[in-house]
Amino acid sequence: MSDAIAAARAEGRTLLTEVESKQLLQAAGIPVTEARLATTAKQAATVAAEIGFPIVMKILSPDIAHKSDVGGVALGLANATAVRRAYSEMMAKVRAAAPGARIDGVSVQRQATPGTEVIVGATTDPQFGPVMMFGLGGVFVEVLKDVSFRIVPLEPRDARQMIREINGFPILEGVRGKPGADLAALERLILQVSRFVWERREIQELDLNPVFAYPDGAVAVDARVVLAPVAAEVEA
Ligand code: ADP
Ligand code: MG
């Protein structure tokens, strides 16, 4: 197995970076904004020019799970100069906020069109095994805990229901003339993630936070995969 999981295992890590997480998801056919690694300001600017502006740059570190908390997300970078400047500013901010964190560079990706932010996640319950979670992004999840759960593996009907049973569902249907979200695309995404965590049982946790839901389609702009500790580490 020569993928991101093997690479993380070889280093004794359980937290996969955004680049690694998205590589795995993309290989499983799950829609993500592809994140490319850059290790210098100059390289970040070159990669950004290849992708096309505006771009988003994020800190890449196996020790940092919440990138914006440490100043590690820069949105709306419009040209190469902005990218180079943001790179050095980001390194300074992150080093101050997370001293000692291993920093592998940055991820560079296209800035996705804004959409309705939803969260698709999976955790492993000691009793039930993998469990899927769905909710609307931001305050809906953090403050209102407006989420739905299903035990993996999901049937198409489960995905349909878990989208419809959150209190915020009317927002996804479209309110006051705003177009609704592509519910079929969200159902597909939930089922793909269910299959993915079912097949890769060493994944303990998976977060697509946020997924941008559009009237036509959906894409995960952030992804985080956490592996289960290997048996030897559990015993230690
Ligand atoms: P964190 O590790 O803090 O969760 P995220 O990757 O989720 O970092 O980025 C923070 C926020 O920036 C997201 O919630 C989203 O609103 C926005 N964002 C991240 N990536 C993109 C992108 N590729 N296109 C547009 N917006 C993005
Ligand atoms: Mg996020």
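What follows draws every value from the coordinates through simple rules; no lab data is involved. Please read these numbers as outputs of a predicted model, since none were measured by experiment. When we count neighbours, we look across all protein chains shown, and the Cβ atoms used for this are built from the backbone with ideal geometry, even at glycine.
Fewest neighbouring Cβ atoms within 10 Å first, the residues S21, S148, S61 line up as S148, S61, S21. Rg/Rh for the chain (Cα atoms only, Rh after Kirkwood) is 0.97. The calculated 222 nm mean residue ellipticity attributable to helices in the chain amounts to -10500 deg cm²/dmol, summing -39500 (n - 2.57) over DSSP H runs of n ≥ 4 and dividing by all residues. Neighbour counts of other Cβ atoms within 10 Å put E187, E199, E205, E20 in the fewest-to-most order E199, E205, E187, E20. Once the gyration tensor of the Cα atoms in the stretch 164-231 is diagonalised, the equivalent ellipsoid follows with semi-axes of 29, 11, 11 Å, ordered largest first. Among the DSSP helices (H) of the chain, those spanning at least 20 angstrom by Cα along their long axis with an average Kyte-Doolittle hydropathy of 0.5 or more are 183-199; this is a geometric and hydropathy rule only.
For the stretch 136-156 and the stretch 200-232, what is the separation of their Cα centres, given in Å? Centre-to-centre (Cα) distance: 13 Å. Under Stokes-Einstein, with the Kirkwood radius over Cα pairs as Rh, the value for the stretch 34-110 at 10 °C and 1.306 mPa s is 133 µm²/s. Ellipsoid fit via the Cα gyration tensor, the stretch 82-121: semi-axes of 25, 16, 9 Å, each the root of five times an eigenvalue, largest first. For an R0 of 22 angstrom, estimate the FRET efficiency from the Cβ-Cβ distance between F149 and R201 and round to the nearest 0.05. Computed FRET efficiency for F149 and R201 comes out at 0.75. Across all Cα pairs in the stretch 116-235, the calculated P(r) in 5 Å bins from zero up to the longest distance comes to 2, 11, 22, 24, 19, 10, 6, 3, 1, 1, 0, 0 percent per bin.
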